[in-house]
Amino acid sequence: MSFVTYEQDGYVGVITINRPEALNALNVQVLKDLDAVIDNINLDETRAVIVTGAGEKAFVAGADIAAMSTMTVKEGREFGKFGNDIFRKLETLPIPTIAAVNGFALGGGNELAMSCDIRYCSDNAVFGQPEVGLGITPGFGGTQRLVRIVGTGKAKEMVFTGQNIKADEAYRIGLVNGVYPREELMPAVMKLAQKIASNAPIAVRNSKRAVMDGFLSDLDHAIAIEEQYFSECFETEDQREGMKAFLEKRKVEKFNN
Ligand code: CO8
């Protein structure tokens, strides 16, 4: 049995962390299962991926505290690296990823959500980096990605206090892009994923690469990166079809790749 399930719905893949009895807490086995699921995504047939949590209460309530409680320095470092490598693999998938945050997203849970490109949440979602209250720092990228998403002031406040924030506050500071009643979350996320999947796949992939490669560069270099990915699109059938359809005042017949 795997702690992580995967379902394909047309061009959209749905990854579910499935350990609800522990609020989907991440131990080594859950991370291994997540890694395997990511490796098995058929990128030729998938244009967007959703990540969510099983059960009513949690997206992911963090790394497994029981498992971490007896770790040595070496084990802690290995566990941190193991999780970081997997989250980075998710983050750098060539296709867009969306976190459907359906409840608690604490510690490693918030870090998993932040490794996705876009986050929507349910109105009962709770976000936080409570690690300092457990005697550790965030360890799956929290100190780095939170700063990049919400800015240094708010990120430092959340990390230094360990205090959780609710869905409306997460929306206000830009940690999530939308808040929905619980039963409306997955339909909203699926609609977003399908909208992304309906666009020209290479253009979407190149847009993701341009954003990610350019984000940490100086602006001159970043603009050059965009020029590269933009110009590559002119090799594609989708560029021909997308523009021809516009000029002929009709809908695109089909984006292929
Ligand atoms: N780890 C292990 N088990 C957990 C976790 C967790 N993070 N969260 C919940 N559980 C378990 C509980 O122990 C409980 O198990 P049991 O039924 O066997 O007692 C079950 O899930 C249900 O949880 P609660 O009864 O506590 O449910 P409540 O609704 O009362 O509370 C909370 C929900 C508020 C989410 C509460 O469970 C909680 O505070 N959980 C811990 C949240 C937390 O501190 N997360 C951060 C963990 S640290 C981290 O993520 C670091 C990431 C980087 C690691 C890198 C290491 C090198």
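With respect to being open to solvent by less than 70 Å² (accessible area, probe 1.4 Å) and more than 21 Å from G108 (Cβ to Cβ), I149 falls outside the description. Of the numbered criteria (1) over 13 Å from the mean Cα position of the chain (by Cα); (2) in contact (Cβ under 8 Å) with a residue 60 or more places away in the chain; (3) open to solvent by 10 Å² or more (accessible area, probe 1.4 Å), the one L26 fails is (3). Hey, could you check segment 51-68 for residues that are near the ligand (Cβ under 6 Å from one of its atoms) and within 16 Å of the chain's Cα centre (by Cα) and say which is least open to solvent (accessible area, probe 1.4 Å)? The residue in question is G62. With the structure loaded, tell me whether D44 is open to solvent by 10 Å² or more (accessible area, probe 1.4 Å), more than 12 Å from the ligand (Cβ to nearest atom) and acidic (D, E) or whether it fails that test. Against the criterion (open to solvent by 10 Å² or more (accessible area, probe 1.4 Å), more than 12 Å from the ligand (Cβ to nearest atom) and acidic (D, E)), D44 qualifies.
One residue stands out among those in segment 1-15 that are of a type outside the set (G, A, S) and open to solvent by less than 20 Å² (accessible area, probe 1.4 Å): the one that is nearest to S69 (Cα to Cα), which is V4. A residue that is among the β-branched types (V, I, T), at negative phi, assigned to a helix (DSSP H, G or I) and open to solvent by 40 Å² or more (accessible area, probe 1.4 Å) can be found somewhere in segment 186-207.
Would you check which residues across segment 121-134 are within 8 Å of the ligand (Cβ to nearest atom) and of a type in the set (A, V, I, L, M) and list them? Once the filter is applied, which keeps residues that are within 8 Å of the ligand (Cβ to nearest atom) and of a type in the set (A, V, I, L, M), segment 121-134 yields V126, L134. Against the condition surrounded by 24 or more Cβ atoms within 10 Å (Cβ to Cβ), in a helix (DSSP H, G or I), in contact (Cβ under 8 Å) with a residue 40 or more places away in the chain and not aliphatic (A, V, I, L, M), how does G83 come out, does it pass? So G83 fits the description; yes. If you go through segment 91-120 and keep only what is within 15 Å of the ligand (Cβ to nearest atom), outside any loop (DSSP other than H, G, I, E, B) and open to solvent by less than 10 Å² (accessible area, probe 1.4 Å), you end up with V101, A105, G108, G109, N110, E111, L112, A113, M114. Number of residues in segment 121-139 that are open to solvent by 10 Å² or more (accessible area, probe 1.4 Å), in contact (Cβ under 8 Å) with a residue 24 or more places away in the chain and in a loop (DSSP other than H, G, I, E, B): the value is 5. On the basis of being within 25 Å of G10 (Cβ to Cβ) and either under 19 Å from the mean Cα position of the chain (by Cα) or open to solvent by 70 Å² or more (accessible area, probe 1.4 Å) (or both), does G178 make the cut? For G178, the condition - within 25 Å of G10 (Cβ to Cβ) and either under 19 Å from the mean Cα position of the chain (by Cα) or open to solvent by 70 Å² or more (accessible area, probe 1.4 Å) (or both) - is met. Residues that are without any contact (Cβ under 8 Å) to a residue 40 or more places away in the chain, of a type in the set (D, E, K, R), out of contact with any Ser or Thr (no Cβ under 9 Å at 6 or more places or on another chain) and crowded, with 17+ Cβ neighbours inside 10 Å occur at least once in segment 153-168.
The values are calculated or read from the model by the stated rules, or taken from the named source; none is laboratory data. All of these numbers come straight from a predicted model, not from anything done at the bench. As a convention, Cβ positions derive from the backbone with ideal geometry for all residues, glycine included, and neighbour counts pool all protein chains shown. These area figures cover heavy atoms from the full protein model, side chains too; ligands, DNA and RNA do not enter into them. Shrake-Rupley method; radii C 1.70, N 1.55, O 1.52, S 1.80 Å.
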